[in-house]
1. Once every DSSP H run of n ≥ 4 in the protein assembly as shown is given -39500 (n - 2.57) and the sum is divided by its residues, what mean residue ellipticity at 222 nm do you get, rounded to the nearest 500 deg cm²/dmol?
2. Give me the summed buried accessible area for the A-B pair, 1.4 Å probe, to the nearest 100 Å².
3. Along its three principal axes, how long is region A:1-93 when you only count alpha carbons? Whole Å, largest extent first please.
4. What is the packing order of peptides A:202-213, B:32-43, taking the mean over residues of other C-beta atoms within 10 Å and listing the highest first?
5. Kindly tabulate the residues in region B:39-66 with an accessible-area decrease of at least 20 Å² between the chain alone and the assembly of all protein chains, using a probe of 1.4 Å.
6. Determine, from the Cβ-Cβ distance of A:A107 and A:L19 and an R0 of 25 Å, the FRET efficiency 1/(1 + (r/R0)^6), rounded to the nearest 0.05.
7. Just to be sure I follow the rule: in region B:2-83, considering lysines 8 or more places apart or on different chains, how many pairs have Cα atoms under 18 Å apart?
8. First obtain the Kirkwood hydrodynamic radius of region B:2-83 from its Cα pairs, then insert it into the Stokes-Einstein equation at 4 °C and 1.567 mPa s, and state the resulting D in µm² per second as a whole number.
Amino acid sequence: METFDLSEYAAGGGCSAKLPAAELQRVMADLPCTPHPDLLVGTETHDDAGVLRIRDDLALIQTTDFFPPVCADPFTFGQIAATNALSDVYAMGGEALSALNIVAWPAGKPLTALREILRGGIEKVKEAGVVMMGGHTIQDKIPKYGLAVTGTIHPDHIITNAAAQPGDILVLTKPIGTGTILAGHRIGEASPQQYQTVLESMMQLNRNAVSVMHYYGVKCATDITGFGLAGHALKMAGASGVTVQIYPEKVPVFDGVMYLLKLGCIPGAAFRNLDFVGEQMECASGVSYESKMLTMDAQTSGGLLICCPPEHAGQLVQDMIRAGFPHTAIIGDVTASGSLGLMIC
Amino acid sequence: MKTVNAQGMPCPLPLVMTRKALETLEKGESLEILIDSENARNNVTRFLQDHQMTVQTSQDGKMYRLLVEQPLKMGEDVRPEDYCTT
């Protein structure tokens, strides 16, 4: 079979390919909305997916996510892109039902590689118990792949990014630093083992976290992707009207990330996220530059950031570890709204 | 003056090279960085400014020249072992 190395496209790949959050907000600011009595989660809160009630006991979750390659191997890329797209449904507390492929492919490049990407996507869709319904393909200079996903949820059980309460404990289910390790790999500074660990994490579905969240009555969560831990935490703070505090030394991080950051291996997306959080964030004087930039690192197919009532936080962490997320940790807390949305302490 | 020629280097290599150069400056030595990517220019400039350095930028065609007249010497010997968690 003809092989095709996707790494020539990987510099701007994964969730780091997102339009900068500040630019997106400017674009969205004056667009008309489509209000509807059954629209339970719309665009106002910048949540992971939209939710539309179709019966008193049933709502649809809809989301889409696609991006250029993050790695050389097409099959791995397909799995990562699909895992990432499905994650938005899980972040809302839902069960994914069906998926559609979204594909851009350069004319003349080996179609065997495209087939491998799609095979990777289907592999993850099957693992998630989701039905693949079809898709759409276009020609484009840079390959891109992702899914549009439909999920379901009971309207009373929706988990949003707008329900954080003062006193909640912040839990993160996967280590961060995928953007830094991918950049380190491109410049030959990350070890093969460090790179492989990150690929495997990006291929891990967030599905098993959903039942744990519901068991402990979680109402607020989001998945960590292109805007980084800081960017998504700030969006959660803004949507909920609270201040979020993060303790960087408690944040689970992939092996090698802090070394790379110290070396100056800081991906451009981290600087764009720093611009976005800007003056809405305060960093305590004792926090190192590397720790601050770690929280800005764009994640691809990252874990869930969960707001948990304090009485359940310890048990939720233990159950997440048992559910297959061994690095789950308490990384901060939620306070009443102050002058700033995010504190890095 | 020390010169970092990061033209043609993919991100974030220009920043890595700049960071490395900041470790080996002589006292009073200025730093010049040559870059041909706007993204890299923005990122390196932001990094230097975040570390309290003043950057003067000039452009010659596609090449940017960043000049730091009073660079801050940064710590040496960044070793992988110091950051191992396992």
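The values are calculated or read from the model by the stated rules, or taken from the named source; none is laboratory data. Since we're looking at a predicted model, the values are computed, not measured. Reconstructed Cβ throughout: ideal geometry from the backbone, glycine too, with neighbour counts over all protein chains shown. For accessibility, only protein heavy atoms count, side chains too; no ligands or nucleic acids. Shrake-Rupley method; radii C 1.70, N 1.55, O 1.52, S 1.80 Å.
1. Numbers: 13 runs with 144 residues, N = 431.
Calculated at 222 nm, the ellipticity per residue is -10000 deg cm²/dmol.
2. Details: alone 14610 and 5800 Å², together 18710 Å².
Its buried surface, counting both partners, is about 1700 Å².
3. Cα spread of region A:1-93 along its principal axes, largest to smallest: 52, 33, 18 Å.
4. Values: A:202-213: 22.1, B:32-43: 19.7.
Those peptides, ordered most packed to least, come out A:202-213, B:32-43.
5. Residues meeting the cut-off: B:N43, B:R46, B:F47, B:D50, B:H51.
6. Working: r = 25 Å, r/R0 = 1.01.
Calculated value: 0.50.
7. Close lysine pairs found across region B:2-83: 5.
8. On the way: Rh = 12.9 Å.
Rounded, D is 100 µm²/s.
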